[in-house]
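Before any comments, here is the structure.
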């Protein structure tokens, strides 16, 4: 049994998402650094999962980490799951949407804010809504 609220077939995800979104959100890919539209985006609003539209990050938690990807120091409570990631010879913590299971990025314990965390998120995995 899938633990997520939204369960779609691979075919359904491929029809809904762009090729790049599918690669990142469904196969745990990573967009190239400094290429995402939200890397240096700092409007007031909310960032949502590009796959299921669940709210994930408030703009007040976004900061420029100079890493090439959108960075946040916290997620909206209860919206992401943390998963141990041992891929590529590294030990990291993967972040997925708790509503649909889509890969968003990773969280690191090197953040410069009082949370001490840096959520490093792929731009293609999120959408921005300035009305939230």
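The values are calculated or read from the model by the stated rules, or taken from the named source; none is laboratory data. The structure displayed is predicted, hence computed values, not measured ones. Don't worry about glycine lacking a Cβ; one is built from the backbone with ideal geometry, like all the others, and counts go over all protein chains shown.
Of all the listed residues (56, 84), the sole one being more than 25 Å from residue 130 (Cα to Cα) and assigned to a strand (DSSP E or B) is 84.
Just one of the numbered conditions (1) over 21 Å from residue 87 (Cβ atoms); (2) assigned to a loop (DSSP other than H, G, I, E, B) is not true of residue 69: (1). Remark: pairs (first residue in the stretch 6-33, at positive phi; second residue surrounded by 17 or more Cβ atoms within 10 Å (Cβ to Cβ) and not in a helix (DSSP H, G or I); Cβ separation under 6 Å; 6+ apart in sequence or on different chains) = 28/103.
Scanning for something closer than 24 Å to residue 9 by Cβ and either modelled with pLDDT under 95 or under 14 Å from the mean Cα position of the chain (by Cα) (or both), does the stretch 113-124 turn up at least one residue?
Yes, the stretch 113-124 contains a residue that is closer than 24 Å to residue 9 by Cβ and either modelled with pLDDT under 95 or under 14 Å from the mean Cα position of the chain (by Cα) (or both).
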